[in-house]
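Visitor: One structure is given below, represented as structure tokens, and several questions about it will come after.
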Amino acid sequence: MARISLVVLLGATAGLRAGQATAQDASMLDERVTQQSIAHTICRPDYVDAVSPPINVMMDHKARLLAERGINADAGVGYALDRRVPVLLGGAPDAPANFDLLPWAGDQGERRKARLTVHLKHCVCEGKMSLSDAQATIVGNWSATYPGFGQNSCKISGVNVATGSHDGEP
């Protein structure tokens, strides 16, 4: 029985790691940010300001995405220019593949994602979570992960960080 439990545990761990690997597209990541470099990159208070492009460049990206999706520029105020992997978690600050649009509000909105991002960054910088786990959490189904993530904890209650599915769900 112990061997079966061990095999199941190893299989589950391998499946989680495989999901994380596919959740992290290298074109969305900043190659300067690694687990070994976090103290000098994302955990440094001025890092995001130091690497982010000027606001006019960011607004050009947003205008392009709005046009691609057929969203009127006047309605664009309801959307945030989102980085799929936020710079706070090692996302590429200016890679087109890393940009998307999210509504500002709601369960899948930018405000909620930003709160989760800051919490994940603290977990990484405190050594309570690996950078790759935090990236997989935010790139995966982060909105499903959000309710299971404790405010004072870096543990994700019953949630697969790569997919956002809860225990017992596919």
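Each value in this text was obtained by applying a stated rule to the coordinates, not by laboratory testing. Fair warning: this is a prediction, and the values are worked out from it, not measured in the lab. We place every Cβ from the backbone using ideal geometry, glycine too, and count neighbours over all the protein chains shown.
Visitor: Could you list, ordered by first residue, the pairs with Cβ atoms under 9 Å in which the first is in segment 65-81 and in contact (Cβ under 8 Å) with a residue 12 or more places away in the chain and the second is of a type in the set (Val, Ile, Thr), at least 6 apart or interchain?
Guide: Taking only residues 6 or more apart or on different chains, the pairs are Leu65/Ile71; Gly78/Ile71; Tyr79/Ile71.
Visitor: If I go through segment 58-87 residue by residue, how many of them are more than 22 Å from Gly140 (Cα to Cα), surrounded by 12 or more Cβ atoms within 10 Å (Cβ to Cβ) and among the hydrophobic types (A, V, I, L, M, F, W, C)?
Guide: The number of residues fulfilling the criteria is 6.
Visitor: Give the residues of segment 125-135 that are farther than 25 Å from Ala105 by Cβ, within 12 Å of the chain's Cα centre (by Cα) and not hydroxyl-bearing (Ser, Thr, Tyr), sorted by residue number.
Guide: Leu131, Asp133
Visitor: Now for a separate question. Here are some conditions: (1) surrounded by fewer than 16 Cβ atoms within 10 Å (Cβ to Cβ); (2) outside any helix (DSSP H, G or I); (3) in contact (Cβ under 8 Å) with a residue 40 or more places away in the chain; (4) not aromatic (Phe, Trp, Tyr). Ile42 meets all but one. Which one does it not meet?
Guide: If we test Ile42 against (1) surrounded by fewer than 16 Cβ atoms within 10 Å (Cβ to Cβ); (2) outside any helix (DSSP H, G or I); (3) in contact (Cβ under 8 Å) with a residue 40 or more places away in the chain; (4) not aromatic (Phe, Trp, Tyr), just (1) comes out false.
Visitor: Which one of these is without any contact (Cβ under 8 Å) to a residue 12 or more places away in the chain and in contact with a Lys or Arg (Cβ under 9 Å, 6 or more places away or on another chain): Ala97, Ala50?
Guide: Answer to the check: Ala50.
Visitor: Determine, yes or no, whether Leu102 is farther than 14 Å from Cys154 by Cα and not in a loop (DSSP other than H, G, I, E, B).
Guide: Details: farther than 14 Å from Cys154 by Cα: yes; not in a loop (DSSP other than H, G, I, E, B): yes.
Taking the combined requirement at face value, the residue satisfies it.
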